[in-house]
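Asker: Just passing along the structure, written as structure tokens.
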Amino acid sequence: RAVLITPNNVQPDNLLSFDALAVDNPWLLTTKLVVKPDQLIKRRGKAGLLAINKSWPEVVAWIRERMNKECKVEVVSGILDHFIVEPFVPHNQTDEYYICIQSFRSNDEVLFYHEGGVDVGDVDAKGVRLSLAIGEQPTIEGVSQALLEKIPASRKEYLAGFIVALVKLFRDLNFVYMEINPLVMTDDGRITPLDMAAKIDETAHFLNAAQWGSIEFPAPFGRAEFPEEAFIKKLDQSSGSSLKLTILNQFGRVWTMVAGGGASVVYADTISDLGFGQELANYGEYSGAPTLQETYDYARTIFDLMCRHKDPRGKILIIGGGIANFTDVAATFTGIQKAMKQYRDELLENKVDIWVRRAGPNYQEGLQNMRRTGEALGLPIHLYGPETHITAVVPLALGMRNVADYPEFDAASDNRAMLAATKSSGDVTADVTPSAESTVSTPVAAAGEHAVANLTPETRAIVYGLQTVAVQGMLDFDFMCKRSKPSVACMVFPFSGNHYTKLYWGTDETLIPVYTTIAEAVHKHPDTSIMINFASFRSVFETVEETLQFSHQIKTVAIIAEGVPESQTRLIIKHAAERDVGIVGPATVGGIKPGCFRIGNTGGMLDNIIMSKLYRAGSVAYVSKSGGMSNELNNIVSRNSNGVYEGVAIGGDRYPGSLFLDHLLRYNDNPEVKMMVLLGEVGGIDEYAVCEALKAGRITKPLVAWVMGTCASIFPYEVQFGHAGAMARGDLETAAAKNSALQAAGAHVPRSFDAIGEKIYEVYSNLVSTGVIIPLPEPPVPKIPMDYNWAKRLGLIRKPANFISSISDDRGDELSYAGTPISEAISADIGVGGVLSLLWFRRRLPLYATHFIEMVLMVSADHGPAVSGAHN
């Protein structure tokens, strides 16, 4: 029994509203009570926010004294407005226990201590643990032996049974964390959780909606949810795109509108690293090809918030993003331009300086349109493309770099060098042995077995899902790389019969078979070894499990879907390991091996493939959490070294199918890879395995590493960054801690992400100077035919019309016939004869003439077997 008290059901100054609660819950008047805030506040007892063994009048007085008033808890201040009232459970101190259940990559862990309460102390150091492998069911005997050694014998069996049931509940309802302190067990055998903090996996909503019921996910204490945040959250839930918004400081001077989860983190990091963290107003992202309306709604929300509070220094708006894989940049900018027109006066009044950096499909048109819009509205706007480092606009906007040193986007120039304190070598590498004088470590261990298969020019894949655009992109890449045959053998689409789909192989057309079952696809294409799975988050588990049945042939599975429940991902990882199948993803764009193979949309459009020189191999291999940022790494690496050898985005979920270390060891054991790059993220501990490998000498090649999310330290509360795994559970999971550990272990860690290009160039130059890399001349850039529709959209080609009309015109808001709007023709009731007079004679004929036309039509409409003759 419990009652939640909020401003929705009581008014602090109105005692009658409290009396009404007591009428509805009469036990409040007959039971001793406990009252406390219910607002995600930790250690409420120590903060003096817990009242126990109180009567209802005492509880009312306690709440009225605090409700709707500001309270400071540790370093965070917030308004207390949610309270929970529960029956008081009389017990002794010795009846209190502590229990915590957490899920990890390969197991669930139960932490137990035989004492509990506010003064329990460091339970991590003194508690006992029971580790349960995925799928392993706890037993009463096992729990008793592992956890309950110091519990009285009379209580052991019953308490062990409760813990077994609690673990089942934890798993069935897709909890990822559950802490109960204290858990009270009295002599009569009654067990009562007196206080609990828990977290569920939101992505499992489609599995557990009925059991969860209606759940509210409140904002952290000290940061009440803005109505605008609720609006964007609702917009996100109804969209296939990703739309996120968190207001950090509504009075802040620096506002961002960033496309991409990973990109949103590095922009916030750079603002923070440059000392402007307290000026950062918001965090968020818009990505996944949002519609014009969605982008407009997102932009106008940002503009409205930004213009509410004036700053005499003016405001800074950074519209940033990485190099998109498939999102039409010009199309998404259209929504922003619409909002700029609506808020023109407010933007000018608040002296908003706009800085734009974007790249990806159709970015040239997008930046040109933004420039025209800015000029037409009189708004100060600065535009940059992929030739400028992704975060270079931040110090420019903040006045920390000379704008004259960074020429803005010029549509007439497509191949300028990236502006940084580095130079691109413009060369490719030869496979050489380091000289004796080289100070760079070389591999000492023989190449071992790796779960994720190494890609070759003969590697072929099955694509699950009717993803013709992605497959066409893979075939274009294959043709550019001069593969002998397409990397895609077939597709699987269970919702239609077996058929062929027509795609291009260069300038020629080719047929790709489509099957309804994975079994048939595998059987008919024995040369395939990779499954690229585009199934949705709802069905991807079943399709991957089915694919694993063919592990004798399929050795790597790429899972593109985002939002896969953690419980399902962990099962996939377990079953794949049992069958020696490598997993890339979930929540990944895939990976690319230049000159060889690309997974899905990795690398983006062909112009980006060419710009980043992904048609031939370089010397640098990278692994990234973020898929969007992998395109930026392609760009940065190509401009600061001789290019990419291979790159993989392992996925932004908390439990990616393969780890950083899995890929770094592959690279380390490959003699063609000379240096490596790691781009990590706040949350998780996978980077520490890399640290251990560096210390142990298992990784011997130079490693440039950076962990995104350093801005998290400036927030007094938890912030969920762009990816599901991007939230620190403890100090070890912070970006700052992981960057320090990587540097101490021997990795080359830049001062910030803004300087990662400089660090790559520094390490690469050292390898060239010591003879590890010998530059070779750049090969000719391969050519690939461009699709007609895309070329026409970019304005690169034109085609004469097959039919022209000087009468009917549908180019405006309304169809017109010979200059007469269709609405006017209808309202004037000119009839069919009148319409034909406009179309045939290009003018409105008199009424007798239009009636004659209609009579001719009636007479000649049908003449039995001589229809043709009658009309003639």
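The values are calculated or read from the model by the stated rules, or taken from the named source; none is laboratory data. Everything numeric in this text was worked out from a predicted model, so none of it was measured. Every residue, glycine among them, receives a Cβ derived from its backbone with ideal geometry; neighbour counts consider all protein chains shown. Surface areas here come from the heavy atoms of the whole protein model, side chains and all, with no ligands, DNA or RNA. Shrake-Rupley method; radii C 1.70, N 1.55, O 1.52, S 1.80 Å.
Asker: Using the per-residue mean of other Cβ atoms lying within 10 Å as a proxy for protection, in what order, highest first, do the peptides 203-209, 606-612 fall?
Answerer: Result, highest mean first: 606-612, 203-209.
Asker: Let me ask something else. With both bridge residues required to lie in region 532-687, what share of the DSSP beta bridges run antiparallel, to the nearest 5%?
Answerer: Here the antiparallel bridges make up roughly 20 percent for region 532-687.
Asker: Just to verify a number: what accessible area does residue 109 come out at with the full protein assembly present, 1.4 Å probe, Å² rounded to tens?
Answerer: That residue has around 40 Å² of solvent-accessible surface.
Asker: Per residue of the chain, what 222 nm ellipticity follows from adding -39500 (n - 2.57) for every DSSP H run with n ≥ 4, rounded to the nearest 500?
Answerer: -9500 deg cm²/dmol
Asker: Let me ask something additional. Run down the aspartates and glutamates and flag those whose C-alpha is under 18 Å from the C-alpha of residue 482, throwing out any fewer than 8 positions away in its chain.
Answerer: 458, 508, 509, 607, 646, 778
Asker: Taking the Cα-to-Cβ direction at residue 510 and at residue 16 and moving 7 Å from each Cα, how far apart do the two end points lie in nm?
Answerer: Placing both labels 7 Å beyond Cα along the Cβ direction yields 8.0 nm.
Asker: Here's a follow-up. Report the accessible area of residue 653, computed with a 1.4 Å probe over the heavy atoms of all protein chains in place, in Å² rounded to the nearest 10.
Answerer: 10
Asker: Let me ask something else about it. Please list 566-576, 387-397, 66-76 highest first by mean number of surrounding beta-carbon atoms within 10 Å per residue.
Answerer: Per-residue Cβ counts within 10 Å, averaged per peptide and sorted highest first, yield 387-397, 566-576, 66-76.
Asker: Now for a different question. Classify region 336-398: rounded, prolate or oblate, from the alpha-carbon gyration tensor (a ≥ b ≥ c, eigenvalue square roots; a/c under 1.5 rounded; otherwise prolate if a/b is larger than b/c)?
Answerer: It comes out oblate by the Cα gyration axes.
Asker: Can you list the residues, at least 5 places off or on another chain, whose amide H is less than 5 Å from the amide H of residue 321, using H built in the peptide plane?
Answerer: Distant-sequence amide H within range of residue 321: 259, 357.
Asker: Just the number, please: carbon plus sulfur as a percent of the accessible area of the chain, 1.4 Å probe, no ligands or DNA/RNA counted.
Answerer: In the chain, the share of accessible area belonging to carbon and sulfur is 54 percent.
Asker: Provide the per-residue ³J(HN,Hα) series for region 174-189, in order, calculated from phi with Karplus coefficients 6.51, -1.76, 1.60 and θ = phi - 60°, each as a whole number of Hz, with x at glycine and proline positions.
Answerer: 6, 6, 10, 7, 8, 10, 10, 7, x, 9, 9, 10, 9, 5, 7, x
Asker: Residue separation times 0.36 nm, minus the C-alpha to C-alpha distance between residue 408 and residue 157: what's the value?
Answerer: 83.1 nm
Asker: Out of residues 5 or more away from residue 510 or on other chains, whose amide H comes under 5 Å of its own, with H placed 1.01 Å from N in the peptide plane?
Answerer: Those qualifying (amide H under 5 Å, at least 5 residues apart or on another chain) are 503, 504, 505.
Asker: Sticking with this structure for a sec: Please work out which option in (1) 32.1, 108; (2) 34.7, 117; (3) 31.5, 98 gives Rg and Dmax of the Cα atoms in Å calculated from these coordinates, and answer with its label.
Answerer: (1)
Asker: Further, regarding this structure: What shape does region 46-101 take by its C-alpha gyration tensor, where a ≥ b ≥ c are the square roots of the eigenvalues and a/c under 1.5 counts as rounded, a/b above b/c as prolate, and the rest as oblate?
Answerer: oblate
Asker: Which links in 69/310; 701/759; 168/199 stretch past 18 Å when you go from one Cα to the other? Each step should come with its number before you reach the end.
Answerer: On the way: 69/310 27 Å; 701/759 15 Å; 168/199 15 Å.
The pairs that break the limit, which is 18 Å between Cα atoms, are 69/310.
Asker: Round to the nearest 0.05 the FRET efficiency obtained for residue 787 and residue 458 when R0 = 30 Å and r is the Cβ-Cβ distance.
Answerer: 0.65
Asker: Give me the compactness ratio for region 585-636, meaning the Cα radius of gyration over 2.2 N^0.38 Å.
Answerer: Its radius of gyration relative to the 2.2 N^0.38 Å reference: 1.02.
Asker: Considering all projection directions equally, how large on average is the shadow of the alpha-carbon convex hull of region 140-213, in square nanometres?
Answerer: Numbers: hull surface 22.7 nm².
Dividing the Cα hull surface by four gives the mean projection, 5.7 nm².
Asker: In what sequence, highest mean first, do 319-327, 264-272 appear when ranked by Cβ atoms within 10 angstrom?
Answerer: 264-272, 319-327
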